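The values are calculated or read from the model by the stated rules, or taken from the named source; none is laboratory data. Keep in mind that this is a model prediction, so the values were computed, not measured. A quick note on method: Cβ atoms are made from the backbone with ideal geometry, for glycine too, and the neighbour counts reach across all protein chains shown.
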């Protein structure tokens, strides 16, 4: 086994900019892999150095602190997103732009899975950064969001701006969600998967003659242990914001203004806390699905009730649900268990879609692909709580759900 390479700063400088940049890029690629597997907080210089065959001291020649390396990896992601969006914006009209943006990302994932390219760092840990770096990164993310929203044009009424914001968010979240399920397909199937997902984006899921008039389901239930629900809600909010490693026991306790001892009264360890948060969230989703199946009406009515109820939870004080992106950094055993439960929920959505397709109340779409779009929709709604608070809840739910109900280009929700 070869010893790790040691960088001599003077020699490296003498090698010229190309050598320096190539080595820096390889370190950033390794950091992105580590962030995606372990989260930004869990990433270590030693692990990154091992991945690129360097020693730890050599990595610090390029990045003085771990936080600098994580920030550079996130900035690279933001830059690449802007480059992809710039290419998509060369197309004429919103649908052509979304189609190109999706195609660019599907092509990228095909290269990644062939081993021709490395993935970039996911942005789920962005808010766990601190100080001026955090502000700079969040400003960069807002720029990406605004560029995405501009796919639908820059001018319009307040309602149109709100709707375009919902569309931009759902589009980006579906792009970020692709790695969670795309590997279940062979690479030669990617063009078909791309076409089926674009069908959902373009035309939505609702069948002809159907409308968006959902009835919210009653998810009320007795709390088995006084105080536990509030505790899990506070933990869920912090984990969604800061990630698994960023949400420390001390921060969770401070959020509730209790001692760390009170934390251990409810749960024995932090891993148990995350499992309990996921179980609460998955139980709520599964309960909504179950209640909808007993609700009556068409299969579209049942699916619409499920979507509206879960969005109501996300936008209300009853929420949020734990984001699946918080899986980053979890111990492998726990992560596998959570992914299995998530897959079961997605399959149940696929079953609801299949029943509706057979009945005719849902369009003839690929139910497996559409179910993953639904998972991305409800999973990401947490980030739109502030957006939703600026309007009536019913309107916020209708705008956000319309992105998949009617597709990303149908404006009937504005007049419905």
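In a residue-by-residue description of region 328-337, the property of being surrounded by fewer than 16 Cβ atoms within 10 Å (Cβ to Cβ) and in contact with a helix residue (DSSP H, G or I) (Cβ under 8 Å, 6 or more places away or on another chain) applies to at least one position. Taken together, the residues in region 111-138 that are under 17 Å from residue 32 (Cβ atoms), free of Cβ contacts under 8 Å to residues at least 60 places away in the same chain and surrounded by 15 or more Cβ atoms within 10 Å (Cβ to Cβ) amount to 3. Can you say whether residue 55 is under 27 Å from residue 247 (Cβ atoms) and at pLDDT below 90, as far as the supplied structure shows? The answer is no for residue 55.
Suppose the filter is closer than 30 Å to residue 121 by Cβ, surrounded by 21 or more Cβ atoms within 10 Å (Cβ to Cβ) and modelled with pLDDT of 95 or more; does residue 373 pass it? When the stated conditions are applied, residue 373 passes them.
Tell me, yes or no, whether region 151-158 has at least one residue that is free of Cβ contacts under 8 Å to residues at least 40 places away in the same chain, outside any loop (DSSP other than H, G, I, E, B) and touching a helix residue (DSSP H, G or I) at 6+ places or on another chain (Cβ under 9 Å). No, region 151-158 has no match at all.
Would you mind stating whether residue 236 is touching a helix residue (DSSP H, G or I) at 6+ places or on another chain (Cβ under 9 Å) and touching a residue at least 24 places away in the same chain (Cβ under 8 Å)? Yes: the conditions hold for residue 236. When 149, 80, 167 are screened for being surrounded by fewer than 19 Cβ atoms within 10 Å (Cβ to Cβ) and not assigned by TED's automatic domain parsing to the domain that holds residue 397, only 80 passes.
Would you mind telling me which numbered condition in (1) closer than 18 Å to residue 214 by Cα; (2) surrounded by 17 or more Cβ atoms within 10 Å (Cβ to Cβ) residue 387 fails? It fails just one condition, (1). Tell me, please, whether a residue that is part of a helix (DSSP H, G or I), surrounded by 16 or more Cβ atoms within 10 Å (Cβ to Cβ) and touching a residue at least 40 places away in the same chain (Cβ under 8 Å) can be found in region 207-215. For region 207-215, residues part of a helix (DSSP H, G or I), surrounded by 16 or more Cβ atoms within 10 Å (Cβ to Cβ) and touching a residue at least 40 places away in the same chain (Cβ under 8 Å): absent.
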